[in-house]
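> Quick one: this structure, given as structure tokens, is what I'll be asking you about.
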Amino acid sequence: IWDELKESYRHELAPASYDAWVDTAKPLAFNNNQLTIEVTSDLHKKYWEKKLAAKIVEIGFKITGEEISPFFVTPEETVSAPAPVIEKNSLPTGTITRKAMLNPKYTFDTFVIGKGNQMAHAAALVVAEEPGSIYNPLFFYGGVGLGKTHLMHAIGHQMLTINPDAKVKYVSSETFANDFINAIKNKRSEEFRQEYRKVDLLLVDDIQFFAEKEATQEEFFHTFENLYNDNKQIVLTSDRLPNEIPKLQERLVSRFAWGLSVDITPPDLETRTAILRKKAQAENLEIPDDTLSYIAGQIDSNIRELEGALVRVQAFATMNNADITTSIAADALKSLKGTTMTQLSIAQIQEEVAKYYHIHVKDLKGKKRVKSIVVPRQIAMYLSREMTDSSLPKIGAEFGGKDHTTVIHAHEKIDQLIKNDSSMQQEVSEIRNFLLN
Ligand code: ADP
Ligand code: MG
């Protein structure tokens with residue numbers, strides 16, 4: 001088993017890491033499925049426990065079909081003390097006895113139906129009402145933030161509404177994998193099985209993360225078989241179809257296709273607007289319809305981002321003590337674009353300013369002292385300082401080799417003007433907006 005382990009670490013780790021961590025370790029004993037490994041220091045021990053131990057469980061299981069628990073000792077410990085029992089890795093209790101774990105907000109009531117999700121929604125309703133009999137498993141797939149998790153939780157809530165005694169369990173595929181590995185480590189496989197196989201509805205989210213996890217897939221296969229044969233409902237989600245998940249066992253791929261697979265596609269503008277309207281109602285926000293559709297128009301695929309945009313608009317309005325209107329929304333989302341946008345360059349600013357005042361960029365860089373050029377030049381310097389990370393000397397250089405004190409002076413000058421002259425304020429903010437769009 002040790003040789004195989006080393007082999008698989010050799011594939012996975014960089015050569016330097018392999019030499020440092022794996023090559024220095026040596027197996028001491030193997031009894032009662034406990035593999036004792038001597039590692040050079042406490043540091044090594046921590047690293048093994050944190051990063052490398054899971055692999056031992058996985059490979060160990062593959063080779064022996066048994067639950068191997070790794071145990072690490074340093075040379076000092078080998079001479080001084082008998083190996084203690086491995087309770088130290090045990091997780092907080094409750095890891096295995098976790099409750100259904102449904103998000104109270106993810107119900108059918110809060111779910112907006114649109115073209116991209118109506119099939120999925122219909123199938124979800126059927127399954128909630130007739131679990132285990134019609135579409136088993138039910139498999140949702142589609143991009144991030146399109147409502148897969150939401151629908152899955154809605155099924156759970158609905159089933160519990162119909163039958164409060166139903167046993168519903170929701171986990172992400174990673175939680176399933178971790179629970180499984182911990183169960184093995186802590187010799188609690190039986191509890192693990194009880195927990196996962198004695199449910200009426202098992203919801204496993206994002207199963208694309210089962211990719212390459214051999215032992216976990218093995219266990220999940222048995223979980224699936226058990227539930228399926230007992231006519232218990234299984235619902236799965238993934239960002240892609242089962243046959244597109246790398247290294248997903250063929251028998252899982254084929255079983256996942258036994259029921260119904262439905263994809264969820266991005267919502268159209270109307271649906272996005274409806275989602276925002278519903279959200280706004282839930283939060284008691286007064287937002288005009290044209291503003292809702294304006295926001296919906298800004299973000300076109302991911303519903304989570306759409307919700308984020310609404311939160312941002314709301315916060316922005318509160319900060320400015322204003323009602324939520326389309327122009328407030330535009331301002332709020334503009335600054336969002338500003339921060340995520342790739343850096344503006346000084347050249348872009350010069351171009352925009354030149355265009356705005358109908359002058360030439362080379363005048364901005366030149367030395368002409370007429371007012372019709374001096375002011376735009378100062379505005380361009382001001383904006384370069386405000387909207388880029390460039391240093392003062394760098395800005396000076398880009399304006400035909402001017403001194404950094406010139407830039408400071410320009411910045412102060414415009415700063416003053418903006419405060420005292422509303423038409424100047426207007427002009428600068430217009431240019432700023434052009435630059436951000
Ligand atoms: P996924 O699991 O597909 O990545 P989620 O289910 O986590 O996406 O959805 C992301 C967010 O969008 C959640 O807050 C969810 O409530 C919301 N959401 C998604 N689809 C809808 C919908 N049709 N109606 C209302 N809210 C939705
Ligand atoms: Mg999800």
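The values are calculated or read from the model by the stated rules, or taken from the named source; none is laboratory data. In this text the structure is predicted, and so the values were computed from the model without any measurement. Here Cβ is always computed from backbone atoms with ideal geometry, including for glycine, and neighbour counts include all displayed protein chains.
> Name the single residue, out of those in the stretch 98-139 being among the aromatic types (Phe, Trp, Tyr) and more than 8 Å from ligand 1 (Cβ to nearest atom), that is nearest to the chain's Cα centre (by Cα).
139
> Now for a separate question. What's the number of the only condition in (1) among the small types (Gly, Ala, Ser); (2) away from ligand 1 (no atom under 12 Å from the Cβ); (3) without any contact (Cβ under 8 Å) to a residue 24 or more places away in the chain that residue 259 fails to meet?
The failed condition is (3).
> Here's a follow-up. At least 1 residues that are at pLDDT 95 or above and either in contact with a helix residue (DSSP H, G or I) (Cβ under 6 Å, 6 or more places away or on another chain) or farther than 23 Å from residue 415 by Cβ (or both) in each: list the helices (runs of 4 or more DSSP H) lying fully within the stretch 319-377 that qualify.
346-357, 361-365
> So for the stretch 41-64 (the condition being assigned to a loop (DSSP other than H, G, I, E, B) and surrounded by 13 or more Cβ atoms within 10 Å (Cβ to Cβ)), does at least one residue qualify?
no
> Same structure again: Take the stretch 188-209 and flag every residue that is under 23 Å from residue 159 (Cα atoms) and either in a strand (DSSP E or B) or within 16 Å of ligand 2 (Cβ to nearest atom) (or both).
Result: 201, 202, 203, 204, 205, 206, 207.
> Could you please tell me which pairs satisfy a Cβ distance under 9 Å, a separation of 6+ or placement on different chains, a first residue in the stretch 423-437 that is touching a residue at least 12 places away in the same chain (Cβ under 8 Å), and a second residue that is of a type in the set (Ser, Thr, Tyr) and surrounded by fewer than 16 Cβ atoms within 10 Å (Cβ to Cβ)?
Going by the 9 Å Cβ cut-off, the qualifying pairs are 436/335.
> Right, next: Please go through the stretch 186-209 and pick out each residue that is more than 16 Å from ligand 1 (Cβ to nearest atom) and either closer than 19 Å to residue 141 by Cα or among the acidic types (Asp, Glu) (or both).
Selection gives 190, 191, 195, 200, 201, 202.
> Could you pull out the residue among 154, 177 that is away from ligand 1 (no atom under 12 Å from the Cβ) and either in contact with a Ser or Thr (Cβ under 6 Å, 6 or more places away or on another chain) or charged (D, E, K, R) (or both)?
When all the criteria are applied, what remains is 177.
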